[in-house]
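The values are calculated or read from the model by the stated rules, or taken from the named source; none is laboratory data. None of these values were measured; they are calculated from a predicted model. Cβ: placed from backbone, ideal geometry, glycine included. Neighbour counts: every protein chain shown.
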Amino acid sequence: MNRQLFATVYKELRQRRWAILSYCLIALAFMWMYMSIFPSFQKESAKFNELLEAYPKALLEAFNIKDLQISTVEGYIAAEHFSFVWPIMVILLMLSTAGQAIAGEIERGTMAIMLSLPISRVKIFFSKYLAGLVMLAVFCVFSILSIFPLASLIGLDVKTENIWLVALVSFLFGWVMLSAGMMVSSFAKERSTVYFTIGGTLLVMYVFNIVSGLIESAERLQYGSIFYYYMPSDALVKGEVDSLSIIVMAGTAIVCTIIGAIAFTRRDISV
Amino acid sequence: MVIAHVVELKKVTKAFGKKVAVDNVSIAIDKGEIFGFLGPNGAGKTTTIRCLMDFIRPTSGVVKLFGKELGDSDKTYKNRIGFLSADSVLYDNWTGQAHIDYVTRVRGIQQNAHELAQQFGLDLKAKVRHLSSGNKQKLGVILAIMHKPELLVLDEPTRGLDPILQQEIYAILKNFRKKGGAVMMSSHNLSEVEQVCDRIGIIKNGKMVASETINGVRQMKIHIVKATFGGTYDEKDFKLPNAEIIKAEKREIELHVKGNLNILLQRLSRYSVSDLEITHASLEDVFMRYYE
C-alpha cells in the first residue's frame, strides 16, 4: 500500500512547496553573498583574526567558533554561516514543518480528512516524516552543496570532502530538529505547543553550551546540549567529524521518531 | 447465518479524565437503515461519532464496523465508509479538484466526483478559501459519497445548505438506503430527521435516553390539549400521572398528555367546557420531553 504513503508525501510537499522554495532561495542568497564577499574579506583577514583572538576563547566556543582559519573559505563560511545563520534557518524550517504536519492539521481540523481514509496512523506519521526529510535534503542541497557551483563561479578553491562532511553533520542536526518537532507534534493539539516546547528546550541547551564554556564547574552541562554535538567548523576546517556527535545526533533522532510514531498511533484525536 | 450489523457500538464509554463524555452507549445500525442521532450541543454525539471513526478510542466497550472490531493496522474498511465532519473542514489553499485527487489516490478506487459536482453545481477549480460555507459543505458531501461507500457517517450533513440542496441531500440519502446503504447522521434539525431517518437515538449528558423508530416516536401520541371553561375550575383535578400542565389560567388550561386521554376527558366532563382543542404533538415536542 505504498500508494497511500507516496500520495501523502506528495500532498505534504505540495502544501509546503512555497516555504521550502523561499528557504532555499534565502539560503542560496546568503551563500552567494558570503562567497562573493570572501575575496575582499580574505585581504583583510589578518585584522579579523586579530579581532577574533581578542574575544574570550570560551565565548567563541559557545558560538561554535573555534580553531578558525578565517583566511580560508571553509573557515570563513564556518564562522559566518554555519555557526549561527544556517542552524537558525534549519530550526525554523524543520519546526514549522513538524508543527504543521500533525498539530497544525489537528488544530485546523483537516486531520479528519486523513483519518477517515484507509491509511493507518503509522503511515500518516511516516509519510509526513518522510516529506520532512525530503525538505531537509532539498534545503541542504541548496544551502550547502551550492558551495560547489558558487565557488567555481567565483573562482575559489574549496575542499570537496569537507563540504560533504559539513553537509552530513548539518543534515544530522536538521534531522534531530525534525524528529524532535514531530515527537512533540504527535502529542500536541496546537502548533504553538511545538514551537514553544522545542524553542524553549533549544534555548536552554544553548545557555547550557555557553555556561559550560564560561564556568569550569558547569562543564558537564555541555553534554546535555545538542549544540555541543553540532560541530560544523570541525567538519569544514579540519575535515573531522566526531563519531560521538554522529551517534548522539542519529540516536536522538531515532528515539524521538519512535516516541512520536507510538504517541501518534495511540492518541485520541478530537477533530 | 447471523448477519452482522453494519455499525455496532456495545456499552461504549469514553471519559476524558473525570469527565465522562459518553456513558455506556449501545447502538446497532443495519443495512438499508438511516439512524438519526439527536441531542443538544455537548450531549456526546460527536464524541460517539469520533469513537466510531476511530479518531478517539473508547475507555471501555466495543466498536464494530461490518462485524469486525476496529483494529490498528488494517484500515481498508474505511473504503467502505463515507465521512462528513460537522464543520466540513478542508484545506483552504487547495481546490476542490485537489481534494478529490488526493482522496482518490489514497482510496485507489473509482470515484464519481465530477458527476456529483455537476449535480450540486460546484466549481471544482475554485480554491476552498473562496467557497461559501454552503459550497464547502457540498464539497464535503461529495468527498464522503463519491466512492460509493456502504456506510455514511454524517455529522450534521445539511448545515449551511439552502433548502433546495437539503432536499437533494435527502434524496441522495434515501436513494443510498434503497441500495442497501446504512447511514448514521447526527442532526439538530428535527424535521430533517423525521423526513429521512428510520430510527432515532437520543443522547443526553452522554447517555442514550431513547432509541425509537420514527414511527414509534410518532405513535407515542403526545397530545396537546387546550380547554376553555365556562366557569372556574380546580387545577388539582388535572394533575394526572400522564399529563403535564403547561399553562393554567383562570378559565383556561393547556396540557401535554402522553398516551391515553380517557382520564383527562372524564375530568373535563365535570366542568362546563366552552372550547376544546386536541392536537398531536410534533416530533420536536416529543424530543423535548426527553430533555425535561
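Give the residues of the range B:16-56 that are aliphatic (A, V, I, L, M) and under 21 Å from A:L115 (Cβ atoms), sorted by residue number. Within the range B:16-56, B:A21, B:V22, B:V25, B:I27, B:I29, B:I49, B:L52, B:M53, B:I56 meet the criteria. So which residues in the range B:60-109 are among the hydroxyl-bearing types (S, T, Y), touching a Phe, Trp or Tyr at 6+ places or on another chain (Cβ under 9 Å) and within 27 Å of B:N24 (Cβ to Cβ), if there are any at all? The one that is among the hydroxyl-bearing types (S, T, Y), touching a Phe, Trp or Tyr at 6+ places or on another chain (Cβ under 9 Å) and within 27 Å of B:N24 (Cβ to Cβ): B:Y77. Being farther than 30 Å from B:A4 by Cβ and surrounded by fewer than 17 Cβ atoms within 10 Å (Cβ to Cβ) is a description that does not apply to B:G180.
Considering the range B:105-133, the residues that are within 9 Å of another protein chain (Cβ to nearest Cβ) and not in a loop (DSSP other than H, G, I, E, B) include one that is nearest to the chain's Cα centre (by Cα), namely B:R107. Only a single criterion out of (1) within 14 Å of chain A (Cβ to nearest Cβ); (2) out of contact with any Asp or Glu (no Cβ under 6 Å at 6 or more places or on another chain) is not satisfied by B:I27, namely (1).
Scanning the range B:77-107 for residues that are farther than 21 Å from B:F176 by Cα and at pLDDT below 90 yields B:D87, B:V89. For the range B:10-24, the tally of residues that are out of contact with any Gly (no Cβ under 7 Å at 6 or more places or on another chain) and surrounded by 21 or more Cβ atoms within 10 Å (Cβ to Cβ) stands at 1.
On the stretch given as the range A:110-166, residues that are closer than 18 Å to A:V271 by Cβ and of a type in the set (G, A, S) total 4.
This table checks each residue for (1) assigned to a helix (DSSP H, G or I); (2) surrounded by fewer than 20 Cβ atoms within 10 Å (Cβ to Cβ); (3) in contact with a strand residue (DSSP E or B) (Cβ under 9 Å, 6 or more places away or on another chain); (4) at pLDDT below 85.
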{"residue": "A:R3", "(1), (2), (3), (4)": "yes, yes, no, no"}
{"residue": "A:A7", "(1), (2), (3), (4)": "yes, no, no, no"}
{"residue": "A:A19", "(1), (2), (3), (4)": "yes, yes, no, no"}
{"residue": "A:E50", "(1), (2), (3), (4)": "yes, yes, no, yes"}
{"residue": "A:I77", "(1), (2), (3), (4)": "yes, no, no, no"}
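Could you tell me whether A:A98 is modelled with pLDDT of 95 or more, in contact with a Leu (Cβ under 9 Å, 6 or more places away or on another chain), farther than 30 Å from B:L151 by Cα and of a type outside the set (S, T, Y)? Criteria met by A:A98. Examine the range A:125-133 for a residue that is free of Cβ contacts under 8 Å to residues at least 40 places away in the same chain and in a helix (DSSP H, G or I), and state whether such a residue exists. No: zero hits. Close Cβ contacts (under 6 Å, 6 or more residues apart or on different chains) running from residues in the range A:183-212 that are over 12 Å from A:G99 (Cβ atoms) to residues that are surrounded by fewer than 14 Cβ atoms within 10 Å (Cβ to Cβ) comprise A:F208/A:G224; A:V211/A:A218; A:S212/A:A218; A:S212/A:E219.
Among all residues of the range B:58-68, there is none that is within 7 Å of chain A (Cβ to nearest Cβ) and in a loop (DSSP other than H, G, I, E, B). Restricting attention to the range B:134-148, which residues are in a helix (DSSP H, G or I) and among the charged types (D, E, K, R)? Once the filter is applied, which keeps residues that are in a helix (DSSP H, G or I) and among the charged types (D, E, K, R), the range B:134-148 yields B:K136, B:K138.
Check A:R108 against each of (1) within 14 Å of chain B (Cβ to nearest Cβ); (2) in contact with a Phe, Trp or Tyr (Cβ under 9 Å, 6 or more places away or on another chain); (3) crowded, with 19+ Cβ neighbours inside 10 Å and name the one condition it does not meet. Of (1) within 14 Å of chain B (Cβ to nearest Cβ); (2) in contact with a Phe, Trp or Tyr (Cβ under 9 Å, 6 or more places away or on another chain); (3) crowded, with 19+ Cβ neighbours inside 10 Å, only one is false for A:R108: (3). Restricting the search to strands (runs of 3 or more DSSP E) fully inside the range B:161-241 and requiring at least 2 residues that are assigned by TED's automatic domain parsing to the domain that holds B:L38 and small (G, A, S) gives B:182-187, B:207-213. Right, B:P163: exposed (fewer than 14 other Cβ atoms within 10 Å of the Cβ), away from every other protein chain (no Cβ under 12 Å) and not charged (D, E, K, R) or not? Yes; evaluated as a whole, the condition is true for this residue. Just to be sure, is B:S73 within 12 Å of chain A (Cβ to nearest Cβ), modelled with pLDDT under 90 and in contact with a helix residue (DSSP H, G or I) (Cβ under 7 Å, 6 or more places away or on another chain)? Criteria not met by B:S73.
Table: residues versus (1) buried (at least 17 other Cβ atoms within 10 Å of the Cβ); (2) part of a helix (DSSP H, G or I); (3) touching a Gly at 6+ places or on another chain (Cβ under 6 Å).
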| site | (1), (2), (3) |
| --- | --- |
| A:L136 | yes, yes, yes |
| A:F139 | yes, yes, no |
| A:S143 | yes, yes, no |
| A:V158 | yes, no, no |
| A:I163 | yes, yes, no |
| A:L168 | no, yes, no |
| A:L178 | yes, yes, yes |
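Output yes when any residue across the range A:88-103 is in a helix (DSSP H, G or I), within 14 Å of another protein chain (Cβ to nearest Cβ) and crowded, with 23+ Cβ neighbours inside 10 Å, and no when none is. Checking the range A:88-103: at least one residue is in a helix (DSSP H, G or I), within 14 Å of another protein chain (Cβ to nearest Cβ) and crowded, with 23+ Cβ neighbours inside 10 Å. Residues in the range A:230-241 that are in contact with a helix residue (DSSP H, G or I) (Cβ under 7 Å, 6 or more places away or on another chain), surrounded by fewer than 21 Cβ atoms within 10 Å (Cβ to Cβ) and not β-branched (V, I, T): A:G239, A:E240.
Scan the range B:30-49 for residues that are without any contact (Cβ under 8 Å) to a residue 12 or more places away in the chain and either within 14 Å of chain A (Cβ to nearest Cβ) or crowded, with 22+ Cβ neighbours inside 10 Å (or both) and the total you get is 1. Given the conditions (1) within 14 Å of another protein chain (Cβ to nearest Cβ); (2) not in a helix (DSSP H, G or I), which single one is not true for A:A263? Of (1) within 14 Å of another protein chain (Cβ to nearest Cβ); (2) not in a helix (DSSP H, G or I), only one is false for A:A263: (2).
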